[in-house]
Amino acid sequence: MHTAPQPKPGILEISPYVPGKAKAQGFEKPLKLSANENPLGCSPAAQQAYQAAANQLSLYPDPRATILREAIARRHRLNAKGLIFGIGSDEIFTLLCQTFCEPGDNVVQFEFGFFAYRIAGRAAGAQMRFAPEGDLRRGVDRLLAEVDERTRVIFLDNPGNPNGALVPAAEVRRLHAALPPHVILVLDGAYAEFVTGADYEDGVALARETSNVITTRTFSKLHGLAGLRVGWAYGPEALIDAMDRIRAPFNTSVPGQLACAEAVFDEDFQKRSVELVERWRPWLEQQIGGLGFETYPSFANFVLVRFPETPGRSAGHVEAHLASRGVLVRALANYGLPDFLRITVGTEEQNRQLIDALAEVAAL
Ligand SMILES: Cc1ncc(COP(=O)(O)O)c(C=O)c1O
């Protein structure tokens, strides 16, 4: 029988990832508030290391990423053998599911949890189970209700993207304590550093103390290095060792490793990045509220806004209006949140530009 090549069962049911928009018609350099990037750019030391790496491009990268590994181990006081690096934390989610899931297994996440998890889980043949959060509240009992003997992984983005919500430290610990030992709890701390003054722990301590917690981190947000594509995970050596066996040996690049190793120690840049969000996120929430739109409490570098279905004020209309002013924000229909927009916290000038454009809609 002659048939055309076919993907594995389930592959064509995967909805592709929809990135934040990068283009606005008529604007050469639109204001991009659609991907939670760092509006301050990145650490100057990281940039210098990137440029210096131009002299080494004929060489393969270090497959163990030793310089970066030691930098992170020192900065966070970790056992260097418990670290693994990926092409962004996105690749780590894939490595996790490919290593621990087979068809018939399942992976649990919150309904509005980060989109990459479902791609990783389904690619490994796992069934995705979604804990409901229709009211945008994240109760860990809802995750636990989805767990059974075929659950291999729970992904918890904390703070969450796109909802910005936080699961407090004690609740994360309660979730972990209630899990059967065969389930890996993945605590995704992509926005961990932006949480200040809240009852929160970033997952590193649990990953150190237990045999089934892995924490993931990224250089894309706080460090402003999204274009380099580097993320890392920390967890029990046995789990990390298993994942490392299927990792492409040269997945992180020479410039990526060297620039990130510098970024780790640029505390001045990190501090400025956190302070920017601390200063302007409440301002944005207050201004947006003042225009009559509802915001949800966010612990990350973005705000989540709900728009009414009223013609002229709907999320779709607002997104289009802002784009017509050269301001790009993130529509969330693919997350099942068609009435919401997610907006990255920018610099003062950028935030004011956004509010001016939004005020035009509110005035209609
Ligand atoms: C919750 C969460 N985890 C992980 C990532 C992926 O980051 P990376 O750029 O490291 O792949 C993102 C990016 O938006 C995110 O929001």
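The values are calculated or read from the model by the stated rules, or taken from the named source; none is laboratory data. A quick note: this is a predicted structure, and the numbers were derived from the prediction, not measured. All Cβ positions, even for glycine, are placed from backbone atoms using ideal geometry, and neighbour counts span all protein chains on display. Remember, those area values only see protein heavy atoms, side chains included, never the ligands or the DNA or RNA. Shrake-Rupley method; radii C 1.70, N 1.55, O 1.52, S 1.80 Å.
Quick notes on this one:
- Boolean, residue 147 is in the same structural domain as residue 101 (by TED's automatic domain parsing), crowded, with 18+ Cβ neighbours inside 10 Å and in contact (Cβ under 8 Å) with a residue 40 or more places away in the chain: no
- Pairing each residue of the stretch 121-143 that is in contact (Cβ under 8 Å) with a residue 24 or more places away in the chain and in the same structural domain as residue 91 (by TED's automatic domain parsing) with any residue that is of a type in the set (S, T, N, Q) and part of a loop (DSSP other than H, G, I, E, B), provided the two are 6+ apart or on different chains, yields C-beta distances under 7 Å for 136/163.
- The residues in the stretch 272-293 that are part of a helix (DSSP H, G or I) and either basic (Lys, Arg) or closer than 11 Å to residue 305 by Cα (or both) can be counted, and the count is 7.
- Applying a threshold of 6 Å to beta carbon distances and a minimum spacing of six or more residues, or different chains, the list of pairs starting in the stretch 3-20 at a residue that is open to solvent by 60 Å² or more (accessible area, probe 1.4 Å) and ending at one that is among the aromatic types (Phe, Trp, Tyr) and modelled with pLDDT of 90 or more reads 17/115.
- Condition check for residue 186: within 16 Å of the ligand (Cβ to nearest atom), assigned to a loop (DSSP other than H, G, I, E, B), surrounded by 22 or more Cβ atoms within 10 Å (Cβ to Cβ) and not hydroxyl-bearing (Ser, Thr, Tyr): no
- Test: residue 201 is touching a helix residue (DSSP H, G or I) at 6+ places or on another chain (Cβ under 7 Å), charged (D, E, K, R), over 26 Å from residue 262 (Cβ atoms) and away from the ligand (no atom under 15 Å from the Cβ): yes
- Within the stretch 130-160, tally of residues that are touching a Gly at 6+ places or on another chain (Cβ under 8 Å) and within 22 Å of residue 193 (Cα to Cα): 6
- Residue within the stretch 133-147 that is in contact with a Phe, Trp or Tyr (Cβ under 8 Å, 6 or more places away or on another chain), among the small types (Gly, Ala, Ser) and at pLDDT 95 or above present: no
- Residue satisfying condition, being buried (at least 19 other Cβ atoms within 10 Å of the Cβ), away from the ligand (no atom under 16 Å from the Cβ) and of a type in the set (Gly, Ala, Ser), within set 192, 126, 169: 126
- Test: residue in the stretch 203-210 that is within 16 Å of residue 81 (Cβ to Cβ), assigned by TED's automatic domain parsing to the domain that holds residue 97 and touching a Leu at 6+ places or on another chain (Cβ under 6 Å): no
- Check on residue 208, basic (Lys, Arg), within 16 Å of the ligand (Cβ to nearest atom) and more than 15 Å from residue 90 (Cα to Cα): no
- Every pair of residues 6+ apart whose Cβ atoms lie under 7 Å, when the first sits in the stretch 43-66 and is assigned by TED's automatic domain parsing to the domain that holds residue 219 while the second is of a type in the set (Ser, Thr, Tyr): 61/252; 61/253; 65/252
- Criterion: open to solvent by 30 Å² or more (accessible area, probe 1.4 Å), of a type in the set (Gly, Ala, Ser) and touching a residue at least 60 places away in the same chain (Cβ under 8 Å) - qualifying residue of 207, 198, 248, 233: 198
- Selection count where residues are more than 16 Å from the ligand (Cβ to nearest atom) and open to solvent by 10 Å² or more (accessible area, probe 1.4 Å), scope the stretch 74-97: 8
- Looking only at the stretch 331-351, and only at residues there that are at pLDDT below 95 and in a helix (DSSP H, G or I), the one that is least open to solvent (accessible area, probe 1.4 Å): 335
- Within the stretch 195-227, the residues that satisfy the criterion of being among the polar types (S, T, N, Q) and more than 17 Å from the chain's Cα centre (by Cα) are 196, 210, 211, 212.
- Among the residues making up the stretch 306-330, those that are touching a residue at least 40 places away in the same chain (Cβ under 8 Å), surrounded by 15 or more Cβ atoms within 10 Å (Cβ to Cβ) and not in a loop (DSSP other than H, G, I, E, B) are 317, 318, 321, 323, 327, 328, 330.
- Selection count where residues are away from the ligand (no atom under 14 Å from the Cβ) and part of a strand (DSSP E or B), scope the stretch 98-113: 5
- Residue in the stretch 211-227 that is more than 12 Å from the ligand (Cβ to nearest atom), without any contact (Cβ under 8 Å) to a residue 60 or more places away in the chain, assigned to a loop (DSSP other than H, G, I, E, B) and open to solvent by 40 Å² or more (accessible area, probe 1.4 Å) present: yes
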